[in-house]
């Protein structure tokens, strides 16, 4: 069985990749395990149960999607678990991070891939072989904004013309990776229909994330958006290569 592991910074990325894998591979063709880091110790992880689950009969593929509970833990957890995962038969580890709140994509990518040396001292290690980190610019919600068809599945009032008239930008035609706070934009659009993406303290909740993830048009993501958004295309290519 081929095995791949995804290390992500939060529940949003975890649930999105889970659904994307199922849509691309087919519900009966892949086994998926979702875990979340809960702190150090023997029982440091808890299993997540998403709304849409894989139902494999005789799967040839297995994916672990690990929520590192913060962007600072993605690379460190990948490095910590690398040897164990490859001994267990995993052949690739893929990280997914938001660029926000950073602004220099090239520097951030270089530091992640190559490590950091300061005053002759290596303060951050490079990524080992068969590992990579994809950076969503600026948040993964920029991909959700760009998949503008999903808004009418959240609420029929949310046509693109209605959204443009109220928020002043065009999710279907503008470059959503240039938006400063895509999660807040998503919330503002949902609010036009009396719904929400964030709670009163600007936090994301599992049920709201799942609603969005379930409404997304994965055919559009796979066939169209991936060609427009480089980082999304990189993620899709990783999945396609794994499923060969």
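When you scan region 130-138, do you find a residue that is surrounded by 16 or more Cβ atoms within 10 Å (Cβ to Cβ), over 26 Å from residue 95 (Cα atoms) and in contact with a helix residue (DSSP H, G or I) (Cβ under 8 Å, 6 or more places away or on another chain), even just one?
No, region 130-138 has no match at all.
How about region 143-177: which of its residues are in a helix (DSSP H, G or I) and either modelled with pLDDT under 95 or over 26 Å from residue 231 (Cα atoms) (or both)?
161, 162, 165, 166
For region 46-60, enumerate the residues that are more than 14 Å from residue 31 (Cβ to Cβ) and without any contact (Cβ under 8 Å) to a residue 60 or more places away in the chain.
Correct list: 46, 48, 49.
Given the conditions (1) touching a residue at least 24 places away in the same chain (Cβ under 8 Å); (2) in the same structural domain as residue 12 (by TED's automatic domain parsing), which single one is not true for residue 148?
Among (1) touching a residue at least 24 places away in the same chain (Cβ under 8 Å); (2) in the same structural domain as residue 12 (by TED's automatic domain parsing), the lone unmet condition for residue 148 is (2).
Per-residue answers, yes or no, for (1) surrounded by 17 or more Cβ atoms within 10 Å (Cβ to Cβ); (2) closer than 20 Å to residue 52 by Cβ; (3) under 14 Å from the mean Cα position of the chain (by Cα); (4) free of Cβ contacts under 8 Å to residues at least 12 places away in the same chain:
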{"residue": "203", "(1), (2), (3), (4)": "no, no, no, yes"}
{"residue": "207", "(1), (2), (3), (4)": "no, yes, no, yes"}
{"residue": "212", "(1), (2), (3), (4)": "yes, yes, yes, no"}
{"residue": "215", "(1), (2), (3), (4)": "no, yes, no, no"}
{"residue": "228", "(1), (2), (3), (4)": "no, no, no, no"}
{"residue": "231", "(1), (2), (3), (4)": "yes, no, yes, no"}
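Looking only at region 2-19, filter to residues that are more than 8 Å from the chain's Cα centre (by Cα) and in a strand (DSSP E or B); which one of those is farthest from residue 63 (Cα to Cα)?
It comes out as 7.
What do you reckon, is residue 33 part of a strand (DSSP E or B), in contact (Cβ under 8 Å) with a residue 12 or more places away in the chain, closer than 28 Å to residue 213 by Cβ and out of contact with any helix residue (DSSP H, G or I) (no Cβ under 8 Å at 6 or more places or on another chain)?
Yes; evaluated as a whole, the condition is true for this residue.
Every residue, every condition in (1) touching a strand residue (DSSP E or B) at 6+ places or on another chain (Cβ under 6 Å); (2) surrounded by 13 or more Cβ atoms within 10 Å (Cβ to Cβ); (3) outside the structural domain of residue 30 (by TED's automatic domain parsing), yes or no:
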position	(1), (2), (3)
57	no, no, no
71	yes, yes, no
81	no, yes, no
102	no, yes, no
167	no, yes, yes
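Here are some residues: 186, 198. Which one is at pLDDT 95 or above, closer than 13 Å to residue 212 by Cα and surrounded by fewer than 22 Cβ atoms within 10 Å (Cβ to Cβ)?
So the residue among 186, 198 that is at pLDDT 95 or above, closer than 13 Å to residue 212 by Cα and surrounded by fewer than 22 Cβ atoms within 10 Å (Cβ to Cβ) is 198.
Go through region 110-129 residue by residue and tally those that are part of a loop (DSSP other than H, G, I, E, B) and surrounded by 13 or more Cβ atoms within 10 Å (Cβ to Cβ).
Residues in region 110-129 being part of a loop (DSSP other than H, G, I, E, B) and surrounded by 13 or more Cβ atoms within 10 Å (Cβ to Cβ): 3 in total.
Tally up the residues in region 86-100 that are out of contact with any strand residue (DSSP E or B) (no Cβ under 7 Å at 6 or more places or on another chain) and either buried (at least 20 other Cβ atoms within 10 Å of the Cβ) or farther than 22 Å from residue 243 by Cα (or both), please.
Adding up the residues that qualify gives 1.
Do we have residue 193 as in contact with a helix residue (DSSP H, G or I) (Cβ under 8 Å, 6 or more places away or on another chain), within 24 Å of residue 160 (Cα to Cα), without any contact (Cβ under 8 Å) to a residue 60 or more places away in the chain and assigned to a loop (DSSP other than H, G, I, E, B) here?
Here the answer is yes, as residue 193 does meet what is asked.
The values are calculated or read from the model by the stated rules, or taken from the named source; none is laboratory data. Nothing here was measured: the structure is a model prediction, and the numbers come from that model. Neighbour counts are summed over all protein chains in view; Cβ atoms, including those assigned to glycine, are modelled from backbone coordinates with ideal geometry.
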